1. Being open to solvent by 20 Å² or more (accessible area, probe 1.4 Å), more than 30 Å from Asp38 (Cα to Cα) and touching a residue at least 24 places away in the same chain (Cβ under 8 Å) is true for just one of Phe349, Phe272, Phe372. Which residue is that?
2. In the set Thr62, Thr52, which member is touching a Pro at 6+ places or on another chain (Cβ under 8 Å) and modelled with pLDDT of 95 or more?
3. Output the number of the condition that Arg369 fails; it satisfies all remaining conditions of (1) under 30 Å from Tyr23 (Cβ atoms); (2) assigned to a loop (DSSP other than H, G, I, E, B); (3) of a type outside the set (S, T, N, Q).
4. All but one of (1) part of a loop (DSSP other than H, G, I, E, B); (2) open to solvent by 80 Å² or more (accessible area, probe 1.4 Å); (3) at pLDDT 95 or above hold for Lys68; which doesn't?
5. Condition check: open to solvent by 30 Å² or more (accessible area, probe 1.4 Å) and polar (S, T, N, Q). Does Asn290 satisfy that?
6. Kindly provide the set of residues from region 352-369 that are polar (S, T, N, Q) and open to solvent by 60 Å² or more (accessible area, probe 1.4 Å), ordered by number.
7. Is it the case, given these coordinates, that Ala312 is free of Cβ contacts under 8 Å to residues at least 24 places away in the same chain and either more than 21 Å from Ser142 (Cα to Cα) or of a type outside the set (D, E, K, R) (or both)?
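The values are calculated or read from the model by the stated rules, or taken from the named source; none is laboratory data. Worth saying up front: this structure is predicted, and the values here are computed from it rather than measured. Cβ: placed from backbone, ideal geometry, glycine included. Neighbour counts: every protein chain shown. Heavy atoms of the whole protein, side chains included, go into the accessibility calculation; ligands, DNA and RNA do not. Shrake-Rupley method; radii C 1.70, N 1.55, O 1.52, S 1.80 Å.
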Amino acid sequence: MLRALGGSAGLGVLAGCGVPAAYVEPGDRAGVDLSARDKRLSWANWPLYIDTDDADESRRPTLEAFEKRTGIAVDYVEEINDNDEFFGKISPALMNRQRTGRDLIVISDWMCARFVRLGWVQEMDRARQPNVTKYLDPQLRSPAFDPGRTFTVPWQSGITGIAYDRRRLGRELRHVSDLWASDLKGRVTLLSGLDEAFALLMQGNGVDITKWTADDFHTVCDQVEKYVHSGQIRRFTGNDYTKDLVSGDVLACQAYSGDVIQLQADNPDIRFLVPEEGAELWAESLMIPNLAAHKTNAERLIDYYYDPEVAAELAAWVNYVCPVPAAQDVLASSKDAETAALAEDPLIFPDAAMRQRLAIARDITGDERSEFAKRWNAIAGL
C-alpha cells in the first residue's frame with residue numbers, strides 16, 4: 001500500500017484517514033537505553049556486506065573482534081534486500097511510535113533521507129564517536145538531507161558510472177553520451193531504479209546534480225524514452241546487469257564500482273568509467289531507529305568500524321569505496337601484495353582527479369517522488 005502511494009508521500013494520505021501523522025517530533029524519538037546493563041544490540045544489514053572468514057563463512061572476523069573487545073553481543077541479521085521492501089517492513093512500527101526490534105540499520109542514502117524527513121531515526125552522540133569525527137571522508141560529511149551527518153554515518157560508499165567490455169567493444173568510452181553510439185544499439189542497459197539511474201544521466205547533460213530541477217529530470221526521461229523506442233537500450237536491470245556484461249549480450253551499462261572490481265578479477269577487459277562529465281558518489285548508511293533499546297551500544301559499534309585498521313580489513317573484503325580514507329595507508333603497508341594493491345585502486349580510494357568528477361545528488365523530495373516515480377517506472381516497464 002505504501003509503495004502504491006509513493007512511500008512517504010503516501011503517509012500523508014494515510015494521516016488524513018484516521019492514522020496518526022507519520023512525523024515524529026524530536027522529543028519522542030528516544031527510548032530507555034538499556035546499553036549499560038544489557039550488553040547486546042541488533043543490527044540489520046544487506047547480504048554479503050561484511051567480511052567473512054574464508055574457511056567458515058558463518059564467521060565475521062571484524063564483528064567477532066568487536067564482541068571480544070567490548071563484551072557486547074551483536075545479533076547480525078542479513079534481512080535487507082531492497083530499500084522499499086525494508087521501508088514497508090518497519091514503517092508501521094515507526095509510524096505508530098513502536099520499537100522496530102532493531103538498534104542499527106543500513107540503507108541507501110536516498111532512503112535514509114526519507115527516514116530523516118519523517119523523524120524516524122535518532123541523532124547520534126558524536127562525543128561517543130571520536131573515530132567518526134576524525135576519519136569520515138570529507139566528501140561524505142554533509143549531504144543535503146543530513147547536514148553534518150547528524151543522523152547517519154556511511155557504512156560503505158560507491159560510484160554509479162559505466163561499465164564496459166573493452167575487448168569486445170574495441171575502443172574506450174569517455175562520456176555518458178557514448179552509450180548512445182550506433183554500434184551499441186541493443187547492447188546497453190540502464191539501472192531500473194529511479195534513484196539509482198537518474199543522476200548519472202543528468203550529469204551527461206552537464207547538470208549539477210547537487211541542485212538539479214524537475215526540468216532536468218524530465219529532459220532525461222525524454223531522452224531515455226527516445227532510446228527505448230529506438231531499441232538502443234536493451235533493458236533495465238537491477239544488479240543482474242553483471243550477467244549480461246559477462247556473457248557479452250551487453251557491451252556497456254550503468255554499473256556500480258564495487259561490482260566491477262569483482263568482475264575484473266575474472267575479466268580484466270571489463271572497465272569502469274567515471275565519465276568526464278562526472279559520476280554519482282553515493283553511500284549506504286548506518287542509522288539508529290527511534291526507541292532503539294541499545295543506542296549507546298550501537299554508537300560504539302559504528303565508531304569501531306571507523307578505526308582505520310578495522311575499516312581497512314572491511315574494505316579489503318567488500319571492495320566498495322571506503323568511507324575512511326585513512327584505511328588506505330593501512331592497506332598499503334600490508335605484507336600481502338594483493339592486499340597492498342587494493343590501496344592503489346581508485347574504485348576503493350578515489351584519487352584527487354577522480355574526486356573532482358564525483359558529486360552527491362540531492363535527494364528526491366516527498367512532494368516530487370510520486371510524480372517522478374510514475375513517469376520513470378512507465379519508461380522502465382516497472
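1. On the way: Phe349 fails: open to solvent by 20 Å² or more (accessible area, probe 1.4 Å); Phe372 fails: open to solvent by 20 Å² or more (accessible area, probe 1.4 Å).
Result of the check over Phe349, Phe272, Phe372: Phe272.
2. On the way: Thr62 fails: touching a Pro at 6+ places or on another chain (Cβ under 8 Å).
Going through Thr62, Thr52 in turn, the sole match is Thr52.
3. In the conditions (1) under 30 Å from Tyr23 (Cβ atoms); (2) assigned to a loop (DSSP other than H, G, I, E, B); (3) of a type outside the set (S, T, N, Q), Arg369 misses (2) alone.
4. Lys68 satisfies every listed condition except (1).
5. On the way: open to solvent by 30 Å² or more (accessible area, probe 1.4 Å): no; polar (S, T, N, Q): yes.
Criteria not met by Asn290.
6. Answer for region 352-369, where residues must be polar (S, T, N, Q) and open to solvent by 60 Å² or more (accessible area, probe 1.4 Å): just Gln356.
7. Values: free of Cβ contacts under 8 Å to residues at least 24 places away in the same chain: yes; either more than 21 Å from Ser142 (Cα to Cα) or of a type outside the set (D, E, K, R) (or both): yes.
Considered against the rule, which asks whether it is free of Cβ contacts under 8 Å to residues at least 24 places away in the same chain and either more than 21 Å from Ser142 (Cα to Cα) or of a type outside the set (D, E, K, R) (or both), Ala312 comes out as yes.
Residue-wise test of (1) part of a helix (DSSP H, G or I); (2) within 19 Å of His175 (Cβ to Cβ).
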| position | (1), (2) |
| --- | --- |
| Asp195 | yes, no |
| Phe198 | yes, yes |
| Gln203 | yes, yes |
| Val207 | no, yes |
| Thr210 | yes, no |
| Thr219 | yes, yes |
| Gln223 | yes, yes |
| Arg234 | no, no |
